[in-house]
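Structure, as structure tokens:
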Amino acid sequence: MKEYLRFYIDGAWVDPVVPKTLDVINPATEEAFARISLGSAADVDKAVKAAQRAFETYSQTTREERIDLLQRILSAYQARYGDFVEAISTEMGAPLTLSKNAQAATGIAHLAKMIEVLKTFEFQEVRGTTAISKEPVGVCGFITPWNWPINQIVCKVAPALAAGCTMVLKPSEIAPVDAILFAEVLHEAGVPAGVFNLVNGDGPGVGQPLSAHPGVDMVSFTGSTRAGVLVAKAAADTVKRVHQELGGKSANIILRDADLKAAVTGGVRGVMGNSGQSCNAPTRMFVPRETQSEAAAIAKAVAEKIKVGNPFEDGVTMGPVVSDVHFKKIQGLIAKGIEEGATLVTGGLGLPEGLNKGYFVRPTVFADVTNDMTIAREEIFGPVLSILPYDSEDDAVRMANDTVYGLSGYVQSGDIEHARKVAARLRTGNVHLNGAGPDFGAPFGGFKQSGNGREWGEFGLDEFLEVKAVMGWQAA
């Protein structure tokens, strides 16, 4: 078992103020593979003060200096790429192919995009006699999740560095090893002392004091809506900026003019990828009522071809969910779907056949789901698809929008103009047309209880900037 018992504060690895440890569990084996320290408010205070001191100088660096720093970070990240792949698969269960081709790859994508954005970003413009400047917001507190761990770290750290901010990161204590590796990468790349700080811990011990700390100017949180509310409340007394990327229950509307087999196949894969642990997964599939039986048969065939198993085994396309607690939550919601009368098409309760250890969930498909059922309302965050039949396109859009969430949406159509018109009616921050993948230059974030603010590309950079007006900049 590897031990990671120190925090990265002010450019050095330091012991926690009060020793307290936590074992990190491999979800495929249910065995501990690493041990970390859990921090406290005292550790947070040390890290914030280091970030405050560093802000005085780092905020004054030039565009060119920050571009050079990001390029060094990118090179150091690429040199450690294999370490990130292995860590992510071990700590949160993503199959090696997913870790290599998507999970770890997002770190490179966000760094490369931020370098590109920073080269041409306008930090100042003159309107009439007034100069309008965009300046770093200050010290930032980051609280990141376990499901796409390095993605959510880098999509915050890269724009914050580009803006001239300093920061304190609390990664998920469930999947912390990739964050420790990233701290090592930043150190190797020569990030100045105090600019980036890492304190491991849980929500009450580190997340709450980080959100509430008067020395933190902005807190950026990614996680559940429930936890996001707690972060916002903790931050309220100091009137700091709060950015949140929260839960989702994304609708996938398959229109009557779509290729049903292709649309359903892509939709099932979109849900089951990452074991369903993606906030933007298309978990509610809306199909014309007359095609529901056919759609269910297609979904069943696709789901039953998914190979579930240890992420390090060849051919595995779906690993475990992240923890015992999360496994039990998903099992409870599957049971609720059965209890409330949805038709279980495939999957269901218990471990997949041939597996007797690990937090593995059967790829599950429900049909005859109505929008008032629990499995259509709550974010399951597991490999569970709900198929909901609709009569008219208006009904589909109404049901799609009938949710507290608004992170992402999906529309499938044989006519792109038709798809665009339906997309315009969805109350979501993102919409994917006909299987379109992510765009690292596009804004990522949600409407309603899916959060506020945006990440990725220039929109992500803007989140870390304050706007200043200097009147009389030039003569009238």
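The values are calculated or read from the model by the stated rules, or taken from the named source; none is laboratory data. Note that the coordinates shown come from a computational prediction; the quantities given were computed from them, not determined experimentally. Every residue, glycine as well, gets a Cβ built from its backbone with ideal geometry; the counts of neighbours run over all protein chains shown.
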Original post:
Could you count how many residues in the stretch 21-44 are in contact with a Leu (Cβ under 9 Å, 6 or more places away or on another chain) and exposed (fewer than 15 other Cβ atoms within 10 Å of the Cβ)?
Top reply: 2
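So which residues in the stretch 223-262 are in a helix (DSSP H, G or I) and among the hydroxyl-bearing types (Ser, Thr, Tyr), if there are any at all? Can you show your working first?
Narrowing the stretch 223-262 to residues in a helix (DSSP H, G or I): 225-236, 260-262.
Selection gives THR225 alone.
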Original post:
Given the structure, is GLN71 among the polar types (S, T, N, Q), without any contact (Cβ under 8 Å) to a residue 60 or more places away in the chain and either touching a strand residue (DSSP E or B) at 6+ places or on another chain (Cβ under 8 Å) or surrounded by fewer than 24 Cβ atoms within 10 Å (Cβ to Cβ) (or both)?
Top reply: yes
**OP:** Filter the stretch 348-378 down to residues that are surrounded by fewer than 22 Cβ atoms within 10 Å (Cβ to Cβ) and either touching a Leu at 6+ places or on another chain (Cβ under 6 Å) or in a loop (DSSP other than H, G, I, E, B) (or both), then give me how many there are.
**Re:** 16
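Taking the conditions exactly as written (farther than 26 Å from ASP462 by Cβ, in the same structural domain as ALA76 (by TED's automatic domain parsing) and either touching a helix residue (DSSP H, G or I) at 6+ places or on another chain (Cβ under 7 Å) or surrounded by fewer than 16 Cβ atoms within 10 Å (Cβ to Cβ) (or both)), does ALA112 satisfy them or not? Give the steps one after another, and end with the answer.
Details: farther than 26 Å from ASP462 by Cβ: no; in the same structural domain as ALA76 (by TED's automatic domain parsing): yes; either touching a helix residue (DSSP H, G or I) at 6+ places or on another chain (Cβ under 7 Å) or surrounded by fewer than 16 Cβ atoms within 10 Å (Cβ to Cβ) (or both): yes.
No: the conditions fail for ALA112.
Taking the stretch 388-435, which residues are among the polar types (S, T, N, Q) and either closer than 27 Å to LEU246 by Cβ or not assigned by TED's automatic domain parsing to the domain that holds VAL345 (or both)? So that I can check it myself, show each step before the final result.
Start the filter on the stretch 388-435 by keeping residues that are among the polar types (S, T, N, Q), which leaves 392, 401, 403, 408, 412-413, 428, 430, 434.
Answer for the stretch 388-435, where residues must be among the polar types (S, T, N, Q) and either closer than 27 Å to LEU246 by Cβ or not assigned by TED's automatic domain parsing to the domain that holds VAL345 (or both): ASN401, THR403, SER408, GLN412, THR428, ASN430, ASN434.
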Subject >> Filter result (part of a loop (DSSP other than H, G, I, E, B) and small (Gly, Ala, Ser)) within the stretch 388-409 >> reply: SER392, GLY406
**OP:** State the number of residues belonging to the stretch 207-238 that are under 16 Å from ALA50 (Cα atoms) and under 20 Å from the mean Cα position of the chain (by Cα).
**Re:** 2
**OP:** Determine whether PRO145 is in contact with a strand residue (DSSP E or B) (Cβ under 7 Å, 6 or more places away or on another chain), within 18 Å of THR222 (Cβ to Cβ) and surrounded by fewer than 24 Cβ atoms within 10 Å (Cβ to Cβ).
**Re:** yes
**OP:** Considering only the stretch 298-330, state which residues are more than 30 Å from LEU260 (Cβ to Cβ), surrounded by 22 or more Cβ atoms within 10 Å (Cβ to Cβ) and hydrophobic (A, V, I, L, M, F, W, C).
**Re:** VAL322
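If you check PHE440 against the conditions, is it under 18 Å from the mean Cα position of the chain (by Cα) and free of Cβ contacts under 8 Å to residues at least 24 places away in the same chain?
Working: under 18 Å from the mean Cα position of the chain (by Cα): yes; free of Cβ contacts under 8 Å to residues at least 24 places away in the same chain: no.
Judged against the criteria, PHE440 is not a match.
Pull up the stretch 101-141, narrow it to residues that are aliphatic (A, V, I, L, M) and under 30 Å from PRO209 (Cβ atoms), then point me to the one that is nearest to the chain's Cα centre (by Cα).
Kept after step one, since they are aliphatic (A, V, I, L, M), are these residues of the stretch 101-141: 102, 104-105, 108-109, 111-112, 114-115, 117-118, 126, 131-132, 137, 139.
Those still in the list that are under 30 Å from PRO209 (Cβ atoms) too: 111, 114, 137, 139.
Values: LEU111: 16, MET114: 17, VAL137: 22, VAL139: 21 Å.
Filtering first and then ranking leaves LEU111.
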